[in-house]
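See structure below.
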Amino acid sequence: MVLPRFFRNLVLARLRADLPARLDRKRVFILPTRAGMVFGAFLLAMLLAAINYTNNLAFLLTFILGSVAVVSAIHAYANLAGLELEYGRLLPAYCGEEARLQFMFRAAGRERRRLQVRVGLTAAEMSLAAGEGRELDLAVPTTRRGRLPLDKVVVSTRYPLGLFRAWSPLILPVTGLVYPRLLPVDALDWHLMQGSGEDGGLGAVAQSGEFGGIRPYQPQDGPSRISWKASARGLGLFAKEYRSGVARTLVFDWDEVRASEYEERISLLAGLVREAERRGLGYGLRLPTLFIEPGSGAAHAHRCLEALALLPEAA
């Protein structure tokens with residue numbers, strides 16, 4: 001068991017790569033494809049026939065075709081060697097959806113044709129002009145919430161004739177985040193949330209003073225309300241008008257959610273977070289071991305969903 005583990009660790013150490021990464025000669029492997037092996041078998045048969053019949057034309061044709069195969073192998077290797085991978089990132093996604101995997105490749109000094117990038121069962125192809133950089137997107141399926149480590153990335157090519165396959169396997173330090181699976185939110189779920197205001201329930205709380213436009217000036221408005229920019233047009237005095245309203249703030253409490261199963265509770269809380277964000281409400285999150293203060297915006301939603309995604313699995 002010692003030797004297999006030693007060789008396995010040795011191979012894994014060779015495949016690991018930090019970003020940005022360059023596919024140098026130590027990372028590129030090449031072998032004949034099935035078509036290449038059939039082609040080689042025909043070349044061997046032609047060589048045996050040429051030797052048997054001492055036919056110079058048969059020798060010439062065999063050596064020409066053999067030279068083509070050698071040149072094809074050189075081009076396949078050169079098509080991959082020197083390719084640069086500048087960055088890779090795995091964007092967050094909800095469980096059951098496909099996470100977006102982004103790579104940035106750059107062709108260093110030469111044209112790259114018919115490159116294939118494969119991660120698991122997902123693959124995409126591209127070609128690059130000399131010195132060109134291109135972003136490549138792949139869709140990675142998700143089946144469970146939490147951290148999502150990236151599978152082995154394989155960059156390969158069969159250019160130009162398909163007789164040889166050059167490939168470079170990479171293990172990259174890229175990890176994504178899978179949010180909990182969403183459950184639909186009904187009207188009753190809102191009434192079970194604990195508010196941050198004095199009226200409980202959906203509690204509301206701060207007066208907002210958003211600019212709502214201008215209107216003709218009235219004596220009770222006062223000088224501070226005058227819109228001097230609008231009044232400078234010579235059409236009379238105008239006053240600034242503000243919309244006053246109530247900013248509603250929610251706190252989604254782990255113990256107040258109507259759910260019987262552990263994962264169902266997490267999914268429902270994720271649905272509440274997404275719905276509150278869609279409605280433009282302020283919201284916080286109270287979990288058994290964590291409390292997130294009320295807020296709003298994409299960064300706040302990500303923090304709440306990340307906390308739900310990283311909750312321990314049910315016992």
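Determine which member of the set 177, 161, 121, 136 is in contact with a strand residue (DSSP E or B) (Cβ under 6 Å, 6 or more places away or on another chain) and of a type in the set (A, V, I, L, M).
The match here is 136.
Restricting to the range 247-294, give me the number of residues that are open to solvent by 40 Å² or more (accessible area, probe 1.4 Å), touching a Gly at 6+ places or on another chain (Cβ under 8 Å) and of a type in the set (A, V, I, L, M).
Summing the residues that are open to solvent by 40 Å² or more (accessible area, probe 1.4 Å), touching a Gly at 6+ places or on another chain (Cβ under 8 Å) and of a type in the set (A, V, I, L, M) in the range 247-294 gives 1.
Being small (Gly, Ala, Ser) and at pLDDT 85 or above is the requirement here; does residue 239 meet it?
Against the criterion (small (Gly, Ala, Ser) and at pLDDT 85 or above), residue 239 does not qualify.
So, residue 258, is that one modelled with pLDDT under 85 and assigned to a loop (DSSP other than H, G, I, E, B) or not?
For residue 258, the condition - modelled with pLDDT under 85 and assigned to a loop (DSSP other than H, G, I, E, B) - is met.
Pick from 299, 309: which is under 19 Å from residue 94 (Cβ atoms) and exposed (fewer than 15 other Cβ atoms within 10 Å of the Cβ)?
Exactly one of 299, 309 is under 19 Å from residue 94 (Cβ atoms) and exposed (fewer than 15 other Cβ atoms within 10 Å of the Cβ), namely 299.
In the range 135-148, which residues are farther than 14 Å from residue 114 by Cβ and touching a Leu at 6+ places or on another chain (Cβ under 9 Å)?
Within the range 135-148, 137, 138, 139, 140, 141, 142, 145, 146, 147, 148 qualify.
List, please: which pairs have Cβ atoms under 6 Å, are six or more places apart or on different chains, and start with a residue in the range 152-167 that is open to solvent by less than 20 Å² (accessible area, probe 1.4 Å) and end with one that is in a strand (DSSP E or B) and β-branched (Val, Ile, Thr)?
Partner pairs satisfying both residue conditions: 153/119; 155/117; 166/30; 166/157.
For the range 264-281, state whether one or more residues are modelled with pLDDT under 90 and over 17 Å from residue 182 (Cα atoms).
yes
Go through the range 274-310 and count every residue that is in a strand (DSSP E or B) and either under 19 Å from the mean Cα position of the chain (by Cα) or β-branched (Val, Ile, Thr) (or both).
Summing the residues that are in a strand (DSSP E or B) and either under 19 Å from the mean Cα position of the chain (by Cα) or β-branched (Val, Ile, Thr) (or both) in the range 274-310 gives 1.
Just to be sure before I move on: is residue 93 in contact (Cβ under 8 Å) with a residue 60 or more places away in the chain and either open to solvent by less than 20 Å² (accessible area, probe 1.4 Å) or among the charged types (D, E, K, R) (or both) in the structure I sent?
Criteria met by residue 93.
The values are calculated or read from the model by the stated rules, or taken from the named source; none is laboratory data. What you see is a predicted model; the values in this text were computed from it and never measured. Backbone-built Cβ (ideal geometry, glycine too); neighbour counts: all protein chains shown. Only protein heavy atoms, including side chains, enter the accessible area calculation; ligands, DNA and RNA are left aside. Shrake-Rupley method; radii C 1.70, N 1.55, O 1.52, S 1.80 Å.
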